[in-house]
1. Rounded to the nearest whole Å², what accessible area per residue is found for the chain with the 1.4 Å probe?
2. Separation of the range 189-230 and the range 16-68 by C-alpha centroid, Å?
3. Taking amide H positions as placed in the peptide plane 1.01 Å from N, state which residues far from ASP7 in sequence (5 or more) or on other chains have amide H under 5 Å from it.
4. GLU17 label point, 7 Å along Cα→Cβ, cut-off 18 Å on backbone N: hits in the range 238-280?
5. Mind jotting down the three principal axis lengths of the chain based on Cα atoms? Whole angstrom, largest first.
6. Going by the alpha-carbon gyration tensor, a ≥ b ≥ c the square roots of its eigenvalues, is the range 142-255 rounded (a/c under 1.5) or, if a/c is not under 1.5, prolate (a/b greater than b/c) versus oblate?
7. Out of the total accessible area of the range 68-150 (probe 1.4 Å, heavy atoms of protein only), what percent is carbon and sulfur?
8. Using only DSSP helix segments of four residues or longer, with each worth -39500 (n - 2.57), what per-residue ellipticity at 222 nm results for the chain after dividing by its residue count and rounding to 500?
Amino acid sequence: MGRIYLDYAATTPTHPEVVKAMLPHFTDAFGNPSSIHSYGQEAKGAIEEARTKVAALIGARDEEIVFTSGGTEADNFALKGVAFANEPKGNHIITSCIEHHAVLETCKFLERRGFRITYLPVDEYGLVDPSDVKKAITNKTILISVMHANNEVGTIEPIAEIGGIAREAGIYFHTDAVQTVGHIPVDVNELEVDLLSMSAHKLYGPRGVGALYIRKGTKLLPFMHGGEQERRRRASTENVPGIVGFGKAVELAQQEMSQETKRLAYLRDQLIKGLLKRIDHTRLNGHPIMRLPDNVNISVDYVEGESMLLNLDLEGICASTGSACSSSSLEPSHVLLAMGFSHEQAHGSLRFSLGKWTTEEEIERVLDALPGIVAKLRAMSPLLKNP
Ligand code: PLP
């Protein structure tokens, strides 16, 4: 029996069409886009083509897209770039407790540099309340950053509403859309965002490339200083194969999104229903409706997520306890804690993230395997006093 990959939110396999599009840029078309000869111009053309595709997917203009080394850099760029450029206006930033570490750690860094950060709470489903955003605004607020969808529990945040509040108050608004771009419709004008982070490896593109959308007129400092690449906003010779791969991945996502969203949501619901029915003392984490089509996150009482994960792995099923970066640490998920879970509850969570190659048979295999694993672990569990 082959292995089953259900950790697409950590990273996706690179689509064969994407690899095919990238290959010539390692060999024949290897030019430096800044060179004025034909090799350079060929590479530059390929980058601009990719930029047009990325911009079109999110309703942006080409010149509003800056390619980066991934989602983490895009988040760092947005937060530090706006913070340092707008310091004379104010030093207050609003974000949420459930952001990815790429945002939270950047906020902590900015705090050490004298910025004041408000970390908004979330409700039991992981939702930020837009009225809390409104209340947190002061005359020193220069930036609001709330993620589009949470990578652990899949909750989709009310970004358009928060965008409206930010726009009315004249405050820049950033969203980390790493988990949504290419998966659900994202339009920077409908969402009223000024900055938006993306990452190619979450949508069947290569790892190590992403982009930041920067609305025209947004005041921010360049992320890297050096050459004049990316309209002087991000120096360094461009990762041409990566950017081309990102463009191809975006093109495929645009063609397949509406079909794929429906197919995945169906499989997601099968998995959720099956797990809650076949294993007692389980709960769905995250919002039941405002939820990514590919995310299943459940809590299983009296067992540890890591133990379930290792046992699933022995049966060839690869899942996660939460985000890829925290799954190797034994700290409970900051997202589940913010949603009001106890440490014990937060340790008993499991995330399955579905994708392009997930089949109904694979979902069935998980539904067959997990109840037995849980029963075995519970039989040994010191957490279970009275079953
Ligand atoms: N933001 C979110 C919501 C993510 O899920 C991730 C990746 O897990 C990142 C940012 C970081 O993206 P990258 O791995 O491209 O740096």
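1. 43
2. The range 189-230 and the range 16-68 have Cα centres spaced 15 Å from each other.
3. Sorted by chain and number, the residues that satisfy this are SER353.
4. Residues passing the 18 Å test: 242-264.
5. 70, 53, 32
6. Cα axes put the range 142-255 in the oblate bin.
7. Carbon with sulfur: 51 percent of the solvent-accessible area.
8. -12500 deg cm²/dmol
The values are calculated or read from the model by the stated rules, or taken from the named source; none is laboratory data. Quick caveat: nothing in here was measured; it's all calculated off a predicted structure. Using ideal geometry, Cβ is built from the backbone for each residue, glycine included, and neighbour counts are taken over all protein chains shown. The protein model used for the area step is the full one, side chains on, heavy atoms only, and it has no ligands, DNA or RNA in it. Shrake-Rupley method; radii C 1.70, N 1.55, O 1.52, S 1.80 Å.
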